[in-house]
Amino acid sequence: MFHLVTIIVFLGAAVVSRPALASAGVRLKGLPSEIKAVIQKTLDYCPDARAERGFVKRRDVNTDGVPDYILDYGKLKCGSMREFCGSAGCWTYVFVSLPNDRFVEVLGMNVRELRFPKVRGRSAMHVELHGTFCNKSGADPCSLTTVWEKTKFVFHSASPGYGESPPPPPPPIWKWSERWQLPEERERK
């Protein structure tokens with residue numbers, strides 16, 4: 001799976017026309033450029049990708065009144081296969097709106113489940129992850145909850161073991177940054 005995602009990153013030189021994007025089952029009109037770029041990289045890797053209902057979801061994740069975007073790769077087939085899913089879940093992106101009419105990626109990784117609860121009245125993102133993120137076997141439960149603070153999600157809570165040992169190295173396309181680190185990890189930098 002990691003090789004597949006790495007390929008997506010390096011195939012950016014391929015050119016796929018707008019009609020090909022539309023033929024994947026995704027209406028591009030009105031989508032922000034940040035979302036179009038991610039879909040384009042996917043089509044560069046898999047030109048015959050077919051999206052099912054629910055591949056692109058709109059939901060106000062950060063409660064600023066502007067719909068945000070969730071790309072659920074569990075709803076995308078490459079030919080007849082679901083190449084973007086495995087034991088770690090399905091590749092999922094979340095883009096949230098910022099005040100400057102731009103969207104920022106706050107999640108880009110394999111997840112088993114994604115929810116957006118409220119935590120003490122604040123917008124939150126709860127992610128069920130592969131067990132290795134919690135220093136456990138892959139099938140074991142592991143979760144992370146972050147809360148929205150102005151322009152990013154910040155750590156709130158996690159399953160026991162989260163952050164005790166580094167998870168498997170992410171493919172280069174991941175946006176692994178401070179928004180997913182425990183406070184102790186940020187201090188070590």
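Tabulated values for the structure
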| item | result |
| --- | --- |
| The one condition in (1) free of Cβ contacts under 8 Å to residues at least 60 places away in the same chain; (2) touching a Lys or Arg at 6+ places or on another chain (Cβ under 8 Å) that Asp140 fails to fulfil | (2) |
| Filter result for the condition that a residue is touching a helix residue (DSSP H, G or I) at 6+ places or on another chain (Cβ under 6 Å) and at pLDDT below 90, over Pro183, Pro171 | Pro171 |
| Residue within the range 86-99 that is outside any loop (DSSP other than H, G, I, E, B), free of Cβ contacts under 8 Å to residues at least 40 places away in the same chain and more than 27 Å from Pro47 (Cα to Cα) present | yes |
| Residues of the range 58-81 satisfying the condition of being in contact with a helix residue (DSSP H, G or I) (Cβ under 9 Å, 6 or more places away or on another chain), within 30 Å of Lys152 (Cβ to Cβ) and not hydroxyl-bearing (Ser, Thr, Tyr) | Leu71, Leu76 |
| The range 81-115, residues that are under 17 Å from Val61 (Cα atoms) and among the small types (Gly, Ala, Ser) | Ser97, Gly108 |
| Neighbours by Cβ (under 7 Å, 6+ apart or cross-chain): first from the range 54-67, over 15 Å from Asp101 (Cβ atoms) and in contact (Cβ under 8 Å) with a residue 60 or more places away in the chain; second hydroxyl-bearing (Ser, Thr, Tyr) and surrounded by 14 or more Cβ atoms within 10 Å (Cβ to Cβ) | Val61/Ser123; Thr63/Ser123 |
| Out of Pro141, Pro67, Pro99, sole residue that is surrounded by fewer than 18 Cβ atoms within 10 Å (Cβ to Cβ) and either farther than 21 Å from Glu34 by Cα or of a type in the set (S, T, N, Q) (or both) | Pro141 |
| Residue satisfying condition, being polar (S, T, N, Q) and under 25 Å from Glu164 (Cβ atoms), within set Asn100, Asn110 | Asn110 |
| Candidates Ser137, Ser157, filtered to the one that is at pLDDT below 95, part of a loop (DSSP other than H, G, I, E, B) and polar (S, T, N, Q) | Ser137 |
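Yes/no matrix, rows are residues, columns are (1) within 22 Å of Met125 (Cβ to Cβ); (2) surrounded by fewer than 16 Cβ atoms within 10 Å (Cβ to Cβ); (3) modelled with pLDDT of 90 or more:
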{"residue": "Phe10", "(1), (2), (3)": "no, yes, no"}
{"residue": "Arg18", "(1), (2), (3)": "no, yes, no"}
{"residue": "Leu21", "(1), (2), (3)": "no, no, no"}
{"residue": "Gly25", "(1), (2), (3)": "no, no, no"}
{"residue": "Gly30", "(1), (2), (3)": "no, yes, no"}
{"residue": "Ser33", "(1), (2), (3)": "no, yes, yes"}
{"residue": "Asp44", "(1), (2), (3)": "no, no, no"}
{"residue": "Arg58", "(1), (2), (3)": "yes, yes, yes"}
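The values are calculated or read from the model by the stated rules, or taken from the named source; none is laboratory data. Since this is a predicted model, take the numbers as computed values, not measurements. FYI the Cβ positions are ideal-geometry reconstructions off the backbone, even for glycines, and counts take in every protein chain you see.
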